[in-house]
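The values are calculated or read from the model by the stated rules, or taken from the named source; none is laboratory data. Bear in mind the structure is a predicted one, so any value in this text is a computation, not a measurement. With ideal geometry, Cβ positions are generated from the backbone for all residues, glycine too; neighbour counts draw on all protein chains shown. SASA here: full protein model, heavy atoms, side chains in, ligands and nucleic acids out. Shrake-Rupley method; radii C 1.70, N 1.55, O 1.52, S 1.80 Å.
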Amino acid sequence: MDTTDELVAAARQLSREMEALEFSAPVAFTYNPLEYAWAGHEAYIRKFGQGSKDVLYLGMNPGPFGMAQTGVPFGEIAAVTLWMGITAAVGAPPATHPKRPVQGFACPRSEVSGRRLWGLFEEMYGPAENFFAHAYVANYCPLIWMSESGANITPTQLPKEQAAQIDAACRRHLVRLIEVLQPRCLVGVGAYALKQLELAAAELPDREMVLGTILHPSPASPVSNKFWPERPREQIREILTRAGLPLP
């Protein structure tokens, strides 16, 4: 079994475990793009998940106009279609909030976090194939939650008992990603993702890895709004230097 087959199997298992979970208030709607947008996610894995990687970048969970629409982590539509060269059929969750429809690749909204992150990698590496030859991007959790009003709910905003539901399965999946991809660097896109990488790395004590973090590209972050892309570019180069890896 090659790495893409292993990643596909791991994602399928994670999706099954997520589908078995139930969430209550403040959660009113739960979307699982590993189900309704599986074609896009599998296309991403098949195209870019081959072989071992120097760096694994980890995000938190999907955004409403990114992975929730395309199935690709930080899946801003222009980046997915034009830079990665991926398009796919997308279905819909069993129940959708009227303010957060799933329109797939026809969604007219842009995911700012994805536009910033993939734009940074394109600036640093050029064609997508250059970046993915050495790196891979995943999310810790594949689910997106919304309140009755349609407001996004992040994993950090879930009640403690609900957050605990996702952690066991998501951490198993993250450990599996590390085992399959054998990265030398683990990079959290934001502090939450770094914490999850630290916990996963602790379960693999025999593997030497450099851990680090970059600014989360969310427009809700005043620091990112001020220092993107200069600061994350510096952070990436510092992490690669610590790991003894070539700089782009």
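Structure notes:
- Residues of the stretch 214-244 satisfying the condition of being open to solvent by 50 Å² or more (accessible area, probe 1.4 Å) and among the β-branched types (Val, Ile, Thr): Val223, Thr241
- Residues of the stretch 64-81 satisfying the condition of being closer than 25 Å to Leu199 by Cβ and surrounded by fewer than 24 Cβ atoms within 10 Å (Cβ to Cβ): none
- Count of the stretch 44-85 residues which are closer than 21 Å to Ser15 by Cα and among the aliphatic types (A, V, I, L, M): 7
- Condition met for Leu58 (in a strand (DSSP E or B), at pLDDT 95 or above and either crowded, with 23+ Cβ neighbours inside 10 Å or in contact with a Ser or Thr (Cβ under 6 Å, 6 or more places away or on another chain) (or both)): yes
- Residue count, the stretch 191-213 (criterion: assigned to a loop (DSSP other than H, G, I, E, B) and open to solvent by 30 Å² or more (accessible area, probe 1.4 Å)): 6
- Yes/no for Gln162 being in contact (Cβ under 8 Å) with a residue 24 or more places away in the chain, polar (S, T, N, Q), open to solvent by less than 20 Å² (accessible area, probe 1.4 Å) and in contact with a strand residue (DSSP E or B) (Cβ under 8 Å, 6 or more places away or on another chain): no
- Of all residue pairs spaced 6 or more apart or on separate chains, those with beta-carbon atoms under 8 Å, a first member in the stretch 14-39 that is free of Cβ contacts under 8 Å to residues at least 60 places away in the same chain and more than 16 Å from Cys170 (Cβ to Cβ) and a second member that is open to solvent by 30 Å² or more (accessible area, probe 1.4 Å) and β-branched (Val, Ile, Thr) are Ala39/Val90.
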